[in-house]
Amino acid sequence: MKTILYATDYSDNSIAALKYAHDMCVRMDAKLLVTHVGDYPTVINSKPGKSIKDLKNSRIEENNEKLEQFCKANLGEDWSKLNIKTEAIVDKSIVNGIVSKAKEVQSCLIITGMKGTSRLRKLIMGSTARNLIKEAPYPVLTIPEGTSFNEIKTIVYATDFQDQDLGAIKNLVEIAEPLHAKIKVVHVAPLKEVIDEGERKVLDEKLNKYVKYKNMELHIIYSNHIFNELKTYYGEKNADIIAMLERENNGIGKKLFYQNLLEKMKSYGKVPLMSFNAKNYGMFHL
C-alpha cells in the first residue's frame with residue numbers, strides 16, 4: 001500500500017494541507033503518515049539529571065500528543081479509525097527529518113503548507129517548503145496559506161518539452177489515476193515559436209506512447225505573457241493543482257525560462273503546486 005507523508009507545523013495555514021492529504025489518502029487507498037519535525041533538544045536550561053536522550057524522548061512524546069490533537073481538531077473525533085498514523089520526529093534540520101522519514105516509508109508524495117514571511121511582501125513559499133522541493137526524492141505538493149480545500153479533479157502540468165518531463169508526467173499519472181483526475185499538459189510558447197500541426201502530432205504521439213492515461217490532453221498556447229497566460233488557463237480549466245518540474249537553475253534558453261516560470265508560480269502563492277525534482281527522473285527528451 002502506498003504512503004503519503006504530510007508534514008505540519010501546527011499552524012492554521014497547514015490545516016488545508018492536512019485536508020488535501022486526508023482526501024488523497026482515502027481516494028488513493030493509501031496510508032497517511034502525519035509528522036512534525038521538532039528541534040533537536042539541548043541540555044541548556046534543562047532540569048538536572050536529564051540527558052539528551054531523555055529530552056529527546058520527552059520532545060517526541062509531547063509532539064505525538066500535539067499531532068493527535070491536531071488531527072482530532074481538524075479531521076474529527078473518528079480520525080484514529082482512519083488509515084492514519086502520527087509520528088513526531090526530532091532532527092536538527094526540518095528538511096532532513098522529512099526527507100529521511102519519506103525515504104524510510106517509501107512515500108509516493110509529500111504534502112505540506114506554505115506561507116508568507118511578511119505582510120509587506122508578496123506571499124512567497126517558505127524556505128522549508130522551497131528546500132524540501134530541492135531535496136525530496138518524491139513529488140512535493142505545497143498548499144498555499146488561505147487555501148480552501150477542493151477535491152482534486154483537474155491537474156495542469158506545465159511543460160517545455162524538455163529532459164525529464166515524461167518521467168515526471170508518468171509519476172503524476174500514478175497520483176492522478178486513482179483520483180480519477182484529468183491531466184492537462186500545457187505548453188505556453190512565445191508567439192514567434194510556432195509549432196506546426198506535424199510537430200504537434202509527433203509530440204502528442206510521443207507523450208501517449210510513453211504515458212498511458214486516457215484522461216490526459218496536450219494543449220499548446222501562444223503568448224508573450226507566459227506567466228499570466230498560465231494563470232488564465234488554470235482558471236479557465238477550473239484546475240485544482242499546477243504541476244511543474246523543478247530543475248537546477250543553471251540552464252539557458254527554454255530550460256532557464258521555465259525554471260524562472262516555476263519560481264514565479266511559487267511566489268504567486270495562490271495555487272496548490274506539485275513539484276517534481278528533475279534529478280529524480282530519466283531524460284526522455286520530448
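Here, each number is a calculation from the coordinates, and none is a lab measurement. Note that the structure is predicted; figures quoted are calculated from it, not measured. All Cβ positions, glycine included, derive from the backbone under ideal geometry; neighbour counts span all protein chains shown.
Listed values, structure above:
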{"read-out": "Computed E for Glu135/Glu174 - FRET, C-beta separation, R0 25 angstrom, nearest 0.05", "value": "0.75"}
{"read-out": "Long-range HN-HN contacts of Ala189 with modeled amide H, under 5 Å", "value": "Ile221, Tyr222, Ser223"}
{"read-out": "Per-residue HN-Hα couplings for segment 105-110 [Karplus 6.51, -1.76, 1.60; θ = phi - 60°; Hz; x = Gly/Pro]", "value": "9, 6, 5, 8, 6, 10"}
{"read-out": "Segments 82-88, 221-227, 139-145, 72-78 sorted - mean Cβ within 10 Å per residue, highest first", "value": "139-145, 82-88, 221-227, 72-78"}
{"read-out": "Net charge over other residues, Cβ less than 12 angstrom from the Cβ of Val173 (K, R count +1; D, E count -1)", "value": "+2"}
